[in-house]
Amino acid sequence: MLDILMPLLLAAALVLAVVGAFRRIAMWRRGRPSPVNIMKGLTSIPKRYLVDLHHVVERDKYIAHTHVATAGGFVASMVLAIIVHGFDLASGILGWLLLLFTAIMFVGSVLVYRRRINPPARLSKGPFQRLPKSLIAFSVGMFLTTLPAVGLMPENAGSWVFALVLVVLVAWGVSELVFGMTWGGPMKHAFAGALHLGFHRRQERFGGGRSTGLKPLNLDDESSPLGVIKPEEFTWNQRLGFDACVQCGRCEAVCPAFAAGQPLNPKKLIQDMVASMTTGTDANYAGSNYPGQTGTHEVGPGGVLVAREGKALVDADTLWSCTTCRACVEECPMMIEHVDAVVDIRRHLTLEHGETPGKGADVLNNLIATDNPGGFSPNSRMNWATDLELPMLKDRDHAEVLLWLGDGVFDMRNQRTLRALIKVLRAGNVDFAVLGNDERDSGDLARRLGDEATFQSLAKRNIATLAKHSFDCIVTCDPHSFHVLKNEYGDFGGHYEVYHHSGYLNLLIDSGRVSLNKADVGTVTYHDPCYLGRYNGEYDAPRSVLKALGLEVNEMARSGYRSRCCGGGGGAPVVDVPGKQRIPDMRMEDIRETGAEIVAVGCPQCTAMLEGVVEPRPDVKDIAELVADALSDTPAPRSHADNKEPVEVVA
Amino acid sequence: MKPRESDKKSASLSISVLVSTGRHPITGRPGRADQDSRAVELAMNLQGGSVSLLHAGQPTEECKEALRGYLGMGIDRISLIEQSEHADITEVLTKTLKSSNPSLVLAGTQAEQGEGSGLLPFLLAESLGWSLVSGLVSIESVENGQATILQALPRGQRRRLKVRLPAIATVDESAERARQSAFGPARRGTIETISEASHIDETLASFEIKKARVRPKRLKIVKSSSARDRFKAAAAKSGGGGGQVLSDVSAQEGAEAIFKLLQEENVLKL
Ligand code: SF4
Ligand code: SF4
């Protein structure tokens, strides 16, 4: 009986899976177009799965091993089962191999089961609790079914009851694992996830690459939508990406806004996007909610994700809570791009409805009218530096370094950092110049607040200004300007060699252009700015500068690519969505845990956020300040007459 | 997602808002004029009212860019009455308003550039024969051809007035702030240009327009130990001094007193 039922069962499961696959693909394709290379995409999947995806999964050893055993065991068993039972080719080694792989899969399944006994809060329950049982059912059922085929059990052993039990087990298994994959069960992540690897919207991310700049809106085409409010307005591969979410909650565990009790949970956000494509309600969601939110939510009238009045699937506050720190993206094994989705919807709210909350509207108005978020006169950009006699690029034919000062020029705290940086550059005889009043805000803030129009206007004008001058590279002490100049101006024709000041200082130290004494400042820890670390992969330069100062960094538990955001990115301080605690306070707690007396930073935002934490707390010092204080007195030879040191005047 | 005040009843009330091109106080860039955009906000918040925006001036790119700021508030179209430089727009606005016949005309108190005398609403009221209210901060209701409004007085005081419509009201800078202007609707909205003959104001043409300079002001130091007194002195708007308070007089007597005063002050020349 089994040798008739098994092939039927397998064939039926495969047919259903194919039907499901077409339906699912059709569902994704309802999104906006995004060109991909189908063949190249499909063939790149295995390598990306084994290298890029596993690189992320591997961070959790337990689940990595479990996943290899279960997924590897299943794929091999399924292929072998089709040969052995489907085509009745049990001869030789194949049957034995099938036994081996079902056994491996069984071990993996038991590990999955154990994980699910008392699952951590970040994991979703619901159908995912059923999954280990289905895995066990399949592996056990297939194992036993194969025994007679290799002659370990007589054919027709046991009663028909036993045979029926086997059929039921295998049927349960294949329905979850084969067509469940394309009909929306928990195994959907395998199908959608694999395709997402191939057709990812940011192909540059694979093979060790990086792609963190936001995608520009086409503002010249009036018919192209300004951001996203309906699920169909995402590109089809973004929709595919959402569907790949396995609800592992790694993103939730690292999200600073979630930890602060603000109404954001990146996992729920992605699941809401999935719900918007399928059922339209979050009633079936079985993971942690947005903090402070209860009840079920549905897609609003007209299919909108966010309602302007009343409630829909997602509250606007959820989207405005995000600091765009990319911690979730960095952790996501399915390579989902949460920040793109958040900014896409913010774009709609800002550009179509003018609903940037908090101080957002003021800041954007200032950026439009004065090119800086504080509404200061653009002609007062250099007021802070009247005594420094900074060389202006417009008076020069060429400069080695264009020093991009950023909006920190209006902030007294950041002016100290800038002064320190300039002191170091002068000590190293760096031929630098500034744009002075011709510099504008980089557009970072406007862009994260969803105001793509203002961003593009600032970007294009800055690019035009830069095009008028000649310089070798740009150095800035603001990682946000750094990121935008380096990664986002390219779409508008601005390509530059850009350094964060930590990277440039590191070069100066390495090449011996500045010599340093040992810094005597006590114990130090270092806070990685999101826009320097995760956005640009620069983790080493600041640390090696600190090392050159003779400082040993007491690393925080969350440092490097796992650094926790200071709460200052993405316009979060501007919109200021209330939560249970403040993100910088949590970060200061991380810092305190290291016992450090000083936290070294490399970003004006981080400085402001961390210094906003009430004393007593460790001191906040920019890397430039630490270096400037440790400059050794041996005067370096002067080469440029215009790098005037202030002359002491004796009255 | 701010709930807008939307329960104010006013069936089929047509409102015209006169909007000018603004000038940013620091950079001088064109944009919405602050008071005018507050006027648009007031108009948009009146439920059931139909709002139309009117601008008379030179149809330059700068002007259109500024007008788009109003469209960005969610307005579909603005009528731009083409006028040449130095035109006196009183006449053409009177003509336009007469033919469109709105129940209420709103405008900012004073333009941010050009002559900026703040006289236009008064001249329009005179030539249309409508009543004029200055310092409007909110419209509470409109019923039976009468609007109940709040008027701003110095030091945050408010006066409730009933005004017979049609009327012209100038909006105070303490009225509710205008909503954010959004790129999408600003780009989509229509600026409808209407050509009209210009009436050149020769006097205006002979003016030399310079940037205003802030003059230093002598502070009146109030030496009082009471914070309230010091605050009052600091926040006081200069009063007119003289004058007389009439109370318990008939309407006739009141009107006569006002008429007499206006004649004395050379406001009314008969
Ligand atoms: S979005 Fe990624 S990290 Fe978050 S739950 Fe889904 S798969 Fe896991
Ligand atoms: S980018 Fe940061 S704040 Fe935003 S959802 Fe991801 S982890 Fe949370």
Could you list, in sequence order, the residues of region B:155-175 that are among the acidic types (D, E) and closer than 25 Å to B:N101 by Cα? B:D172
In region A:584-593, how many are open to solvent by 10 Å² or more (accessible area, probe 1.4 Å) and in contact (Cβ under 8 Å) with a residue 60 or more places away in the chain? 1
Between B:R187, B:R179, which is within 14 Å of chain A (Cβ to nearest Cβ), surrounded by 11 or more Cβ atoms within 10 Å (Cβ to Cβ), over 22 Å from the mean Cα position of the chain (by Cα) and modelled with pLDDT of 90 or more? B:R187
Could you please let me know if A:T281 is touching a strand residue (DSSP E or B) at 6+ places or on another chain (Cβ under 6 Å) and away from ligand 2 (no atom under 16 Å from the Cβ)? yes
Could you tell me how many of the residues in region A:20-37 are farther than 14 Å from A:K188 by Cα and assigned to a helix (DSSP H, G or I)? 1
Subset of region B:17-41, residues among the basic types (K, R) and open to solvent by 40 Å² or more (accessible area, probe 1.4 Å), comes to B:R23, B:R29, B:R32
Name the residues in region A:373-404 that are closer than 26 Å to A:R447 by Cα and open to solvent by 20 Å² or more (accessible area, probe 1.4 Å), would you? A:P373, A:G374, A:F376, A:S377, A:P378, A:N379, A:S380, A:M382
Can you give me the ranges of the strands (runs of 3 or more DSSP E) entirely in region A:459-540 with at least 3 residues that are within 24 Å of the chain's Cα centre (by Cα)? A:498-500
Which condition number does A:A361 fail, the rest of (1) without any contact (Cβ under 8 Å) to a residue 60 or more places away in the chain; (2) not in a helix (DSSP H, G or I) being met? (2)
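Okay, residues lined up against (1) buried (at least 16 other Cβ atoms within 10 Å of the Cβ); (2) in a loop (DSSP other than H, G, I, E, B):
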| residue | (1), (2) |
| --- | --- |
| A:F258 | yes, no |
| A:L264 | yes, yes |
| A:L269 | yes, no |
| A:M273 | yes, no |
| A:S276 | yes, no |
| A:N284 | no, yes |
| A:G287 | yes, yes |
| A:K311 | no, yes |
May I ask you to verify whether A:L449 is at pLDDT 95 or above, more than 30 Å from A:V343 (Cβ to Cβ) and open to solvent by less than 10 Å² (accessible area, probe 1.4 Å)? no
If we keep just the residues of region B:42-56 that are open to solvent by 40 Å² or more (accessible area, probe 1.4 Å) and not in a loop (DSSP other than H, G, I, E, B), which is nearest to B:R77 (Cα to Cα)? B:S52
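Listed here are the residues, each with its yes/no results for (1) of a type in the set (A, V, I, L, M); (2) away from ligand 1 (no atom under 15 Å from the Cβ); (3) within 14 Å of chain B (Cβ to nearest Cβ).
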{"residue": "A:F258", "(1), (2), (3)": "no, no, no"}
{"residue": "A:Y285", "(1), (2), (3)": "no, no, no"}
{"residue": "A:P291", "(1), (2), (3)": "no, yes, no"}
{"residue": "A:E298", "(1), (2), (3)": "no, yes, no"}
{"residue": "A:G303", "(1), (2), (3)": "no, yes, no"}
{"residue": "A:V306", "(1), (2), (3)": "yes, yes, yes"}
{"residue": "A:D315", "(1), (2), (3)": "no, yes, yes"}
Count of residues meeting criterion [near ligand 1 (Cβ under 10 Å from one of its atoms) and open to solvent by 60 Å² or more (accessible area, probe 1.4 Å)] in region A:207-253: 1
Being open to solvent by less than 50 Å² (accessible area, probe 1.4 Å) and either out of contact with any Lys or Arg (no Cβ under 8 Å at 6 or more places or on another chain) or more than 15 Å from ligand 2 (Cβ to nearest atom) (or both) is the filter here; which residues of region A:555-580 pass it? A:M556, A:S559, A:G560, A:G568, A:A572, A:V577, A:G579
A:P391 vs. criteria closer than 16 Å to A:L405 by Cα and facing another protein chain (nearest Cβ under 9 Å): no
For region A:266-285, indicate whether the set of residues that are modelled with pLDDT of 95 or more and within 23 Å of A:D444 (Cα to Cα) is non-empty. yes
Any chance you could count how many residues in region A:317-337 are of a type outside the set (A, V, I, L, M, F, W, C), away from ligand 1 (no atom under 16 Å from the Cβ) and not in a loop (DSSP other than H, G, I, E, B)? 1
Would you check if A:D340 is among the acidic types (D, E), more than 14 Å from ligand 1 (Cβ to nearest atom) and in a helix (DSSP H, G or I)? no
Can you tell me which residue within region A:521-543, out of those that are more than 18 Å from A:I598 (Cα to Cα) and of a type in the set (D, E), is nearest to ligand 2 (Cβ to nearest atom)? A:E538
Among helices (runs of 4 or more DSSP H) lying entirely in region A:137-210, which contain 2 or more residues that are farther than 14 Å from A:A13 by Cβ? A:160-174, A:188-199
May I ask you to say which residue of A:A76, A:A81, A:A12 is part of a helix (DSSP H, G or I) and within 37 Å of the chain's Cα centre (by Cα)? A:A76
Quick one: in region A:317-354, which of the residues that are farther than 15 Å from A:C530 by Cβ and surrounded by fewer than 22 Cβ atoms within 10 Å (Cβ to Cβ) is nearest to the other protein chains (Cβ to nearest Cβ)? A:E352
Please go through region A:363-372 and give me each residue that is more than 9 Å from chain B (Cβ to nearest Cβ) and either closer than 18 Å to B:F183 by Cβ or open to solvent by 10 Å² or more (accessible area, probe 1.4 Å) (or both), ordered by number. A:V363, A:N366, A:L367
Just one of the numbered conditions (1) touching a helix residue (DSSP H, G or I) at 6+ places or on another chain (Cβ under 8 Å); (2) free of Cβ contacts under 8 Å to residues at least 40 places away in the same chain; (3) surrounded by fewer than 14 Cβ atoms within 10 Å (Cβ to Cβ) is not true of A:R23; which one? (2)
Of the conditions (1) away from every other protein chain (no Cβ under 14 Å); (2) open to solvent by 10 Å² or more (accessible area, probe 1.4 Å), A:V424 satisfies every one except a single condition; which number is it? (2)
Checked B:R213, B:R228 against criteria (in a loop (DSSP other than H, G, I, E, B), at pLDDT below 95 and either surrounded by 10 or more Cβ atoms within 10 Å (Cβ to Cβ) or more than 14 Å from every other protein chain (Cβ to nearest Cβ) (or both)); the one match is B:R213
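The values are calculated or read from the model by the stated rules, or taken from the named source; none is laboratory data. What you see is a predicted model; the values in this text were computed from it and never measured. Quick reminder, even Gly has a Cβ in these numbers, built from the backbone with ideal geometry, and neighbours come from all protein chains shown. Please note that ligands, DNA and RNA were not included when accessible areas were found on the heavy atoms of the full protein model with its side chains. Shrake-Rupley method; radii C 1.70, N 1.55, O 1.52, S 1.80 Å.
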